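Engineer: Below you will find the structure I want to go over with you.
The numbers here are math on the coordinates, done by the rules we state, and not lab data. What you see is a predicted model, and the numbers here were worked out from it, not measured in a lab. Positions of Cβ are generated from backbone atoms using ideal geometry, with glycine treated the same way; all protein chains shown enter the neighbour counts.
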Amino acid sequence: MKGGIDNIIICGAGPSGLILGLLLAKAGIRVQILDAASSVNTNPRASHYGPPAVYELQRAGVIEEVAAQGFRPDGVSWRRLDGSCITKIDTKDVPVEKKIVCLPLDQLMKILLRHIEAQPSAEVLWSHKVVGLSDGEERATVDVETPEGTKTLEATYVVGCDGATSTIRRQLFGDAFPGRTWDEQIVATNTYYDMSPYNWQDSNFIVHPEHCYMVAKIQNDGLLRITYLEKAGLSREEYLERQPEKFKTFLPGHPDPDKYKIVNFSPYKIHQRCAEKFRVGRFLLAADAAHLCNPFGGLGLTGGMVDVGNLYDCLYGIHSGQADDSILDKYDEIRRQKYRDFIDPISSDNLRRLLYISEEEIEKDEFYNLVKRAEVDEEFSKTLQLGIDIIREDFTQYYKKPTVEAAAKDIPTSLPAPTAVVSGEA
Ligand SMILES: Cc1cc2nc3c(=O)[nH]c(=O)nc-3n(C[C@H](O)[C@H](O)[C@H](O)COP(=O)(O)OP(=O)(O)OC[C@H]3O[C@@H](n4cnc5c(N)ncnc54)[C@H](O)[C@@H]3O)c2cc1C
């Protein structure tokens, strides 16, 4: 396969596609971002972005705006159904520039879009649905349905950032998306409810085999994300019908519907799945198109942002002559390994430990015991909270030694060089 990059097509203007597009455009690489939808998706989805994601948002040049429009949560607690605290972690133990940041996903995407629109080498094309693809020696092509009819577009590489039902992944692997679907389902709501009488942390997980849920502040005006477990297989109407009884049972204060206001309501199936490969020829997969996990603990997009940050380093390495195309095989190998060794087991445990039945299980749980230790040991608390940086990887270590031509090329200075992975016990 010949080297050099003329342009990149990204399929999907979700958060992962937009961050990748912004990073590439800032490095002067021509990029087209195609999306089947006519505008940004506003369903209640991601809101919390952990330290590895914060790093990528900083490289993309948007972290200050994201933190200013959103906020940095004060901490996380794990509680019993009666509200009593099992243990809690305080984010003050982490340097501010690494702290988890919170902003509803649609607002994050609007910030990213504004930054991309200011980049002359980037183009976002809405109502452009990718329906087919083919690979060639020097170019990859995609067939795209647009309001003006079907077009064929070509690029040096095509990146599938087209989410859980990815067309790029299906075109490469058919329906195969190895993994499993949880027996339980979740319902995610955005709700206004006054939690101030209870003095809980900004983010709280409630442990219960039937009524486990998360309640977290997601906006400065007090908007909460309340996500709870439900039995699978009901219709949206049935979930809506069951919701008032659910809130009355599990929320502190046992409120009737006149005490809260739900502004968004979405049931979701939850999965742990990873594609067979993240690279086939000139096609690459990233974020939800490549892997899925349940949202408890916020590893879905955080992992997706690390994918696209790593992919940026690989593509920039090829573009600048510091890496050859084989670095994309490393991307495939290492990102799948990070999912298998960390993202899948950590996110699965995050949900499993919310379903404990007995006090004895809570007492014995290794993670709760680590958090209890972190409550009284600031240094350990910092290590524990930054341990998730283990999902990162510095792909510049796989660059060839810079050639004279590469050294002479204009390497962007607006993007900080990747730092080493900070790993820790978790
Ligand atoms: C309730 C809930 C809460 C969550 N909370 C968190 C959290 O706090 N933190 C976290 O890190 N993660 C969280 N997640 C996960 C996170 O929302 C997802 O990982 C993230 O949205 C995936 O982003 P993406 O860009 O990969 O895909 P998507 O956001 O799904 O975007 C894919 C885009 O591709 C487009 N597309 C699809 N098919 C085509 C096609 N054929 N052609 C062109 N375009 C196409 C779609 O229109 C869409 O715009 C949560 C998820 C849920 C459901």
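Engineer: What does the convex hull of the alpha-carbon atoms of the chain project to on average, in nm²? It would help to have the intermediate numbers written out before the result.
Structural biologist: On the way: hull surface 82.3 nm².
Projected area, direction-averaged: 20.6 nm².
Engineer: So, one more: Which value, in debye to the nearest 20, describes the size of the charge dipole of the chain about its Cα centre when Lys and Arg Cβ atoms bear +1, Asp and Glu Cβ atoms bear -1, and nothing else is charged?
Structural biologist: On the way: 49 positive and 63 negative charges, 56 e Å.
About 260 debye.
Engineer: Just to check, using Stokes-Einstein with a Kirkwood Rh over alpha carbon pairs, what's the diffusion coefficient of segment 169-283 at 10 °C and 1.306 mPa s in µm²/s?
Structural biologist: Working: Rh = 16.2 Å.
Estimated diffusion coefficient is 98 µm²/s.
Engineer: Dipole of the chain (Lys/Arg Cβ +1, Asp/Glu Cβ -1, origin at the Cα centre): which of Tyr368, Gly233, Phe278 lies farthest to the positive side?
Structural biologist: Phe278
Engineer: If you fit an axis through the alpha-carbon atoms of helix 15-26 and take the longest principal axis of the Cα set of the chain, what angle between them do you get, 0 to 90°, nearest 10?
Structural biologist: 40
Engineer: Given the -39500 (n - 2.57) contribution per DSSP H run of 4+ residues, what per-residue ellipticity at 222 nm results for the chain, rounded to the nearest 500 deg cm²/dmol? Let's see the in-between values first.
Structural biologist: Values: 13 runs with 135 residues, N = 426.
Helix contribution divided over all residues of the chain: -9500 deg cm²/dmol.
Engineer: Among all the aspartates and glutamates, which ones have a C-alpha under 17 Å from Lys92's C-alpha, if same-chain residues fewer than 8 places away are not counted?
Structural biologist: Output for Lys92: Asp74, Asp202, Glu375, Asp377, Glu378, Glu379.
Engineer: Another question about this same structure. Please work out how many pairs of lysine residues in segment 199-338 are eight or more positions apart (or on different chains) and have Cα atoms closer than 15 angstrom.
Structural biologist: Lysine pairs meeting both conditions in segment 199-338 amount to 10.
Engineer: Now a separate question. What residue among Leu292, Ile218, Ile262 has its Cα farthest toward the positive end of the dipole of segment 203-333, where the charges are +1 on Lys, Arg and -1 on Asp, Glu, each on the Cβ?
Structural biologist: Projecting each Cα onto the dipole axis, the largest value belongs to Ile262.
Engineer: Also: Per-residue counts of other Cβ atoms within 10 Å, averaged by peptide: what ranking do you get for 291-299, 333-341, 225-233, 211-219, highest first? Don't skip to the answer; put the middle values down first.
Structural biologist: Values: 291-299: 24.7, 333-341: 17.3, 225-233: 19.1, 211-219: 21.7.
Going from most to least packed, we get 291-299, 211-219, 225-233, 333-341.
Engineer: List the lysines whose Cα lies under 19 Å from the Cα of Lys26, skipping any in the same chain that are fewer than 8 positions away.
Structural biologist: Partners found: Lys110, Lys409.
Engineer: Considering only DSSP beta bridges where both residues belong to the chain, give the percentage that are antiparallel (nearest 5). Present the calculation step by step, with values, prior to reporting the outcome.
Structural biologist: Numbers: 53 of 74 bridges.
In the chain, approximately 70 percent of DSSP beta bridges are antiparallel ones.
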